Amino acid sequence: MRLQKQYIETAVSLPITKTFHYEVPEPFQDRIEIGHRVWVPFGSQQVTGYVLGFSKPPCDTPIKKILDVLDDIPLFPADMVSFYRWIARYYLHPIGEVIKGGLPGGINAAAVHMVSLTDKGRVALKGGGGNHVESKVLELLKKNDALTLKGLNQRMGQYVPRSLIYNMVRSGSIDLLRKIKPGRIAPKWEWYVTPREGGEIPGRFSQTRRKLLEAIRAKDEISLKALKEIVPTAGRLVRLMAEDGLVEMVKRPVYRDPFGEPIEGDTSAPELTPEQTEAVFAIEEGLKRAGFDTYLLHGVTGSGKTEVYMRAVADVLEMGKEALVLVPEIALISQTERRFRARFGDRIALLHSGLSDGERYDQWMRVRKKEAGVVIGARSAVFAPFENLGLVVVDEEHDDSYKQESGLRYNGRDLAIVRAKFANAVAILGSATPSLSSYHNSLTGKFQRLALSKRVREQALPEVTVVDLRKQEGRRGKMWFLTRELKKAIKTTLDRGEQTLLFLNRRGYASFPMCARCGRAVRCKNCDVALTFHQGANAFRCHYCGFTRSGISVCEGCGSEKTILLGLGTEKVEAAIKELFPEARVARMDRDTTSKKGALLRQLKALRKGDVDIVVGTQMVSKGHDFPGITLVGIVCADLSLNFPDFRAAERTFQVLSQVAGRAGRGDRPGKVILQTYNPDHFCILTARDQDCEAFYKEETPFREALGYPPFARLIQLIILGSDQKKTFAVAQILGKICKRLRMGDDMFRREITILGPVAAPISRLQKKYRCQLLLKGLRAGSLHALVTRLMKETEKAVRESQVKVIVDVDPVSML
């Protein structure tokens, strides 16, 4: 066994596409496994590496030895290595960064320089040699065993030049050593206390200690943290009791609790509808086949898709396998988690970015140690370290939030299907409004479509009334966006004691503030966009980079202090509703009101309990939430996303309108939707009104096919970013020229690939970076990847020297 583990293949946590081989010293060979992190020398530095396998180096060149093994148990199972390799190849991303991005944050070690005093330095200190700064450094190091360079600067109260440090090292007065600094996240430990038998209570024993001892004996074992809630000074008193032989103290690892309030268990499952029964039976048959299958669960809003998921999860757990459940946003996890925890108890683990690094690490290790068989999470949960995965569920599969827009630009839905394929598992994609690509795959037989066309308990779909905003011109005013029909419907709903949801997918108060004198827009200094006025903060803010200006700023063009607040936002709608209905309890749900930890859960709880009459919200309220008290949905302006320069604009508009309409009438009372629009005759508005997915797909599909866009083509977008506008555009032109030359020089590329651009991006400047785009469309992913790989290799030197960044976005979602 040791000979087999003499050499390892390792991916390092750096932007390097290659893997590297290292020798494993004999002391480590017994405990090193695939999935371990190792500390390795790399050039002149030391970095974290990930063990991918055991193999001899491809050539006889001398190889370096690993310095340490950083984990007690491997962080990921061996069978995930092929999954990581696939991701690196498909998304053209360094495999070390793929693995690093999939693991919990804050765990990677780092190398730090430590300075310490030598014997020669102590002699020099006594002799009083050296300049003032050197003497001060030596004095500090005499009082401290060793300091990092950063710590030395802080203690000195000034920056100590590196040249001075290096001179002192050469003179022998100090040592400069590189040491491993552990990651900031590690297992959490707590003290536990147990009673000892036969211990005699001393004669002088206070009532406080007696109270503590009674609590310890009553529980048989209790944490010191719990004892401190009884007696704040328990720490000192318990240690004295341990010295007297009355109790024993032991330190144990504990998990940080990411869950909210306790959930009452409910293992009873509701009776299935005939359509649910058919869907559950089809999935059960797929699970029994023990092979890869993908099902598209196409169910109208309120049709009981979650119950189908839970039945499938129960079947998988009974088989001794594991299940992964993905939801698009953290806002949805709370609702899903409550339902699953009620059914499956402590077999549930959570993985999402809303957890602290420590909580996420603990949940990861629960899965790794097989203490949890079901993971619920957002897109990053696709990397959960399961060894025996049997089921992958992707709820609201159409949602763009599954796409990561920085770093490794993966799509969580697509990776979920790939993960299921590698594990020979079943994948279920669920949605009331499936993406056009998934729907197309169901028509071609790649996915098996399971339909839920009716709501549970025979509830009717809400009645949708379209209101033409073009006919409201005669009734202008500060509340022009609230039509007579919508205000009347809100009043009727309030009178009945029911809840209303008002939807506008734009936060803030005014989205287009401009100078009243010269007409100049109030723009971001870092981005090519107008700022949004936020009334609560009395500030203009950029929703892309976070730049903020005071609300009383003067115009940069003419110096005028007067600003016209044009455009809409949820703040303006909220203010108007409070003015119109002062007796109503109004809440606003958008990123501004839910950014603090726990704020979103509190708002959802208040809405569920009926403590809110009217909620004004953005897209986060449209996704899968189940609030039986909401009987009216008002869509303030349905056209905001319709005219975006994006081939998916109509699809996104149809999906969000259908989804938000589906929040109405999910309880015992029928629902109603008021849909306000300037485009009442557009097919996506009409099909959303009728909640007719098939009609929408029949209208949209011919456009996609004629123009060669997904699902009839594959896309790779190159985004060129730079601080210098001329350099950025010049590099974009070079890339475009070479790309077109490579295409013309290869028959396959010429036959299968179309190149669009390079052009300035629709938002040509973001976060101080100028932006250009080059879009490649191809019939097959293979030919696109081959062309882009050759292009990046040929232009690598020119791009590096220009200090311009090129991002490769495979299967892009945002075209802005």
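The values are calculated or read from the model by the stated rules, or taken from the named source; none is laboratory data. Source: prediction; values computed, not measured. Every residue, glycine as well, gets a Cβ built from its backbone with ideal geometry; the counts of neighbours run over all protein chains shown. Keep in mind that these areas ignore ligands, DNA and RNA; they rest on the heavy atoms of the full protein, side chains included. Shrake-Rupley method; radii C 1.70, N 1.55, O 1.52, S 1.80 Å.
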Label-to-label distance, nm, for residues given as Asp220 and Gln207 (7 Å Cα→Cβ offset): 3.1 nm
Cβ-derived FRET efficiency at R0 60 Å, Arg236 paired with Glu278, nearest 0.05: 0.40
Computed magnitude of the charge dipole of region 372-447 (debye, nearest 20; Cβ of K, R +1, Cβ of D, E -1): 240 debye
Largest-first ordering by accessible area, 1.4 Å probe, given options His132, His93: His132, His93
Segment Leu92-Leu566, extension gain: residue separation times 0.36 nm, minus the distance between their alpha carbons: 166.3 nm
Rounded to 10°, Cα long-axis angle of helix 81-90 versus longest principal axis of the chain: 50 degrees
Angle in degrees between helix 693-707 and the longest Cα principal axis of the chain, rounded to the nearest 10: 80 degrees
Extension gain, Gln803 back to His132 (0.36 nm per residue minus Cα-Cα distance, nm): 237.5 nm
Whole-Hz couplings from phi, Karplus 6.51/-1.76/1.60, listed for region 500-515; x for Gly and Pro: 10, 10, 10, 10, 8, 8, 7, 8, x, 9, 9, 8, 9, x, 9, 5
³J(HN,Hα), Karplus 6.51/-1.76/1.60, whole Hz, each residue of region 14-22, x for Gly, Pro: 9, x, 10, 6, 6, 10, 9, 9, 9
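Can you work out the accessible area per residue across the chain, with the rest of the protein chains kept in place, probe 1.4 Å, in square angstrom?
Ligands and nucleic acids excluded, the figure is 47 Å² per residue.
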Thr728, Thr277, reordered so the largest accessible area comes first (probe 1.4 Å): Thr277, Thr728
Amide H contacts under 5 Å for Ile753, placed H, 5+ residues apart: none
Solvent-accessible area of Glu97 with every protein chain in place, 1.4 Å probe, in Å² to the nearest 10: 60 Å²
Sites Arg496 and Tyr678, calculated FRET efficiency, Cβ-Cβ separation with R0 45 Å, nearest 0.05: 0.90
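Report D for region 437-527 in µm² per second (integer): Stokes-Einstein, Kirkwood Rh on Cα pairs, 37 °C, 0.692 mPa s.
173 µm²/s
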Pairwise label distance in nanometres, Tyr709 with Lys143, each label 7 Å out on the Cα-Cβ vector: 6.6 nm
Listed values (i) 32.5; (ii) 29.3; (iii) 30.8, entry calculated as Kirkwood radius over Cα pairs in Å: (iii)
Heavy-atom accessible area order for Arg368, Arg506, Arg743, largest first, 1.4 Å probe: Arg506, Arg743, Arg368
Which listed pairs, of Lys572/Lys769; Lys727/Lys797; Lys454/Lys491, have C-alpha distances above 22 Å, in listed order: Lys572/Lys769; Lys454/Lys491
Distance violations [Cα-Cα > 25 Å] among Lys211/Lys251; Lys726/Lys805; Lys219/Lys370: Lys219/Lys370
Residue-wise HN-Hα coupling along region 547-556, computed from phi with Karplus coefficients 6.51, -1.76, 1.60 (Hz; x: Gly, Pro): 4, 10, 10, 4, x, 10, 5, 8, 5, 6
Antiparallel DSSP beta bridges within the chain, percent to nearest 5: 60 percent
Mean Cα-pair separation over length for the chain, i.e. relative contact order, pairs under 8 Å, 6 or more apart, %: 9 percent
For the chain, cysteines whose Cβ has no other cysteine Cβ within reach (under 4.7 Å): Cys59, Cys545, Cys637, Cys684, Cys693, Cys739, Cys772
Glu243-Phe292 pseudo-label distance in nm [points 7 Å out on the Cα-to-Cβ vector]: 6.5 nm
Net charge dipole size for region 58-115 [Lys, Arg +1 and Asp, Glu -1 on Cβ; Debye, nearest 20]: 220 debye
Apportionment of accessible area to carbon and sulfur, the chain, percent (1.4 Å): 50 percent
Between helix 781-802 and the chain: long-axis angle, C-alpha atoms, 0 to 90°, nearest 10: 60 degrees
Amide H contacts under 5 Å for Ala521, placed H, 5+ residues apart: Cys515
Net lengthening on full extension, Tyr159/Ala342 (0.36 nm per residue, minus Cα-Cα): 60.2 nm
Theoretical FRET efficiency, 1/(1+(r/R0)^6), r = Cβ-Cβ of Trp191 and Lys64, R0 45 Å, to 0.05: 0.60
Computed [θ] at 222 nm, helices only, for the chain once each DSSP H run of length n ≥ 4 contributes -39500 (n - 2.57): -11000 deg cm²/dmol
Amide H partners (placed H, <5 Å) of Val467, local residues excluded: Leu675, Gln676, Thr677
For the chain, with +1 on Lys and Arg beta carbons and -1 on Asp and Glu, the positive-most of Tyr697, Gln767, Pro670 along the dipole: Gln767
About the Cα centre, charge dipole magnitude for the chain (Lys/Arg +1, Asp/Glu -1 at Cβ), debye: 2980 debye
